[in-house]
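Single-structure report; data block below.
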Amino acid sequence: MAPILRVHVPFLKISPSKVARREHDVSTYEAVHVRKTGTQPRVMSVSTSVDYHGVSALVRFTRPHTVLGTVTSVCSMTLLAASHVRIFDVFGILGQALLPAVFMNIAIVGLNQVYDKRIDMVNKPYLPMASGEFSSNTGLLLVSASTAVAFTWGALSESTALISTLLVSLVLGILYSVDLKMLRWKRFPLLAAGCILLVRALTVHVGFFLHASPQPINIIPPSLMHVVAVMTIYSIVIAIFKAT
């Protein structure tokens, strides 16, 4: 006789009556099989459980609110710079920039978590590095993988502006977070504010604007100047709150 196949789906809710009927059917099948063959039927279990805890830790590691900010910046700069470009070309430009930008964002915030592990154990114990869900090696592996994906995808675009934006962002992230001699600028208020200002106000917006622009820019357009001015104020406020 065919073996019994039991499938355990922990996240699928089944009514108690259905469970009872299925258990009764299985028990009846086993009893008949024993009477006919004198042996117990083979039972195969297939587990379809999902490690939701691991997925949750990975999501927290990426700092979703920063990813949302990056997506918003890239999309807005692309639409601003390519406002007179055909919509299909805009999607192509956006596709070139969005994925490497998101992965570079993950690499930078991940690097910060690796070196802020002890501080986050007090201030942000829910983060996977601070809670012990991820080891330092796991964190560095995720940072390395994210960096590799960002630069690989950026290189495929053959856009100097995009690659330069990714490179400058990574360098500033290293200067800000890595705890080595002459680095970890976040310990010094002015240097920390300078990093935040350069990344959030200038590098991201100017870099992705230049990438999306259909032609070389000799003079900074007023629209980009307005964005940089607003984001400068915003970045100064962030720097102040981080320093206090």
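Search region 51-60 for residues being open to solvent by 70 Å² or more (accessible area, probe 1.4 Å) and over 19 Å from VAL102 (Cβ atoms), and hand back the single one that is modelled with the highest pLDDT.
Result: HIS53.
Just for region 194-219: of the residues that are in a loop (DSSP other than H, G, I, E, B) and in contact (Cβ under 8 Å) with a residue 12 or more places away in the chain, which one is farthest from the chain's Cα centre (by Cα)?
By that ranking, first place goes to PRO214.
I need the full set of residues from region 120-148 which are β-branched (Val, Ile, Thr) and surrounded by 13 or more Cβ atoms within 10 Å (Cβ to Cβ), in order please.
THR138, VAL143, THR147
Hey, could you check region 86-117 for residues that are open to solvent by 70 Å² or more (accessible area, probe 1.4 Å) and either modelled with pLDDT under 90 or acidic (Asp, Glu) (or both) and say which is nearest to the chain's Cα centre (by Cα)?
PHE91
When you scan region 90-173 for helices (runs of 4 or more DSSP H) that lie fully inside it, which ones turn up with 2 or more residues that are polar (S, T, N, Q) and out of contact with any Asp or Glu (no Cβ under 9 Å at 6 or more places or on another chain)?
Because the criterion is at least 2 residues that are polar (S, T, N, Q) and out of contact with any Asp or Glu (no Cβ under 9 Å at 6 or more places or on another chain), the helices (runs of 4 or more DSSP H) in region 90-173 that meet it are 136-157.
With the structure loaded, tell me whether THR232 is modelled with pLDDT of 90 or more, of a type in the set (S, T, N, Q) and under 21 Å from THR70 (Cα atoms) or whether it fails that test.
no
Filter region 149-160 for residues that are within 17 Å of ALA212 (Cα to Cα) and open to solvent by 50 Å² or more (accessible area, probe 1.4 Å) and give the result.
Passing the criteria: TRP153, ALA155, LEU156, GLU158, THR160.
Please verify whether region 183-203 includes one or more residues that are in contact with a Leu (Cβ under 7 Å, 6 or more places away or on another chain), among the aromatic types (Phe, Trp, Tyr) and modelled with pLDDT of 90 or more.
no
List pairs: first residue in region 88-117 and touching a residue at least 40 places away in the same chain (Cβ under 8 Å) and farther than 15 Å from VAL204 by Cα, second residue assigned to a helix (DSSP H, G or I) and charged (D, E, K, R) anywhere in the structure, Cβ distance under 8 angstrom, at least six positions apart or on different chains.
Sorted first by the residue in region 88-117, then by its partner, the pairs are GLN113/ASP120.
Name the one entry in SER27, SER83, SER45 that is at pLDDT below 65 and not in a helix (DSSP H, G or I).
SER45
List the residue pairs whose Cβ atoms are under 6 Å apart, where the first residue sits in region 74-86 and is within 10 Å of SER213 (Cβ to Cβ), the second is open to solvent by 60 Å² or more (accessible area, probe 1.4 Å) and in a loop (DSSP other than H, G, I, E, B), and the two are 6 or more positions apart or on different chains.
Listed by first residue and then by second, the contacts come to VAL85/PRO214.
Among the residues of region 220-244 satisfying the criterion of being under 26 Å from SER157 (Cβ atoms) and assigned to a loop (DSSP other than H, G, I, E, B), which is least open to solvent (accessible area, probe 1.4 Å)?
Filtering region 220-244 for residues that are under 26 Å from SER157 (Cβ atoms) and assigned to a loop (DSSP other than H, G, I, E, B), the one least open to solvent (accessible area, probe 1.4 Å) comes out as PRO221.
Could you count how many residues in region 144-159 are free of Cβ contacts under 8 Å to residues at least 12 places away in the same chain and touching a helix residue (DSSP H, G or I) at 6+ places or on another chain (Cβ under 7 Å)?
Selection size over region 144-159: 1.
The values are calculated or read from the model by the stated rules, or taken from the named source; none is laboratory data. All figures in this text were calculated on a predicted structure; none of them were measured in a lab. Reconstructed Cβ throughout: ideal geometry from the backbone, glycine too, with neighbour counts over all protein chains shown. Keep in mind that these areas ignore ligands, DNA and RNA; they rest on the heavy atoms of the full protein, side chains included. Shrake-Rupley method; radii C 1.70, N 1.55, O 1.52, S 1.80 Å.
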